[in-house]
1. For D34 and Q71, compute 0.36 nm times the residue count separating them, minus their Cα-Cα distance, and round to one decimal in nm.
2. Among 74-80, 59-65, 88-94, how do they line up by average Cβ neighbours within 10 Å per residue, starting with the highest?
3. Can you check how the C-alpha radius of gyration of the stretch 22-108 compares to 2.2 N^0.38 Å, as a plain ratio?
Amino acid sequence: MPDGDRWQGYDRGRDREPGNGRRRRAAPPFGLADVVGPSMVPTLQPGDQLVVHYGAPVRPGDVIVLRHPMQQDLLIVKRAVEWRDGGWWVLGDNPFTENDSREFGTVPDDFVLARARVRLRPFGFLKGQRSPAALVSWAVSAVRPVRSSVRSERSVSRRLRAR
């Protein structure tokens, strides 16, 4: 996928061992995901990690992990915009990438795997800065909740009005 908005993490859809049909141990309700690619910029940056909640209810504005409708073995991160006939309309936050519902239409609810709860900023973001002030700045900003688009749009519009 050109914009690389793939997600790497545990696939909860496969809960039986191959061959014998026995159930595997129950997977934890939370997991980590690596963000690859620019489709969710500015909300998520390549290299960010997400704490995701498997099976959590999805509301419009939530950042979710889902199966790509055209390549089900590919997992992607998008924002759930609204429910339409047959599934979720999902978009990336980056207006310059189009690997989302504008390209493949609605996504069936069965393809939604998890909801993003927290973004973890990578330590490498400091790019060699090891001063105490840089470390403190990183520590304060490293963990942030992933907010719905409604709240983030309001904060952006307030900033724009203030300029």
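Each value in this text was obtained by applying a stated rule to the coordinates, not by laboratory testing. What you see is a predicted model; the values in this text were computed from it and never measured. Positions of Cβ are backbone-derived with ideal geometry, glycine not excepted, and every protein chain shown enters the neighbour counts.
1. Residue separation times 0.36 nm, minus the Cα-Cα distance, leaves 11.4 nm.
2. 74-80, 88-94, 59-65
3. My calculation over the Cα atoms of the stretch 22-108 gives 1.12.
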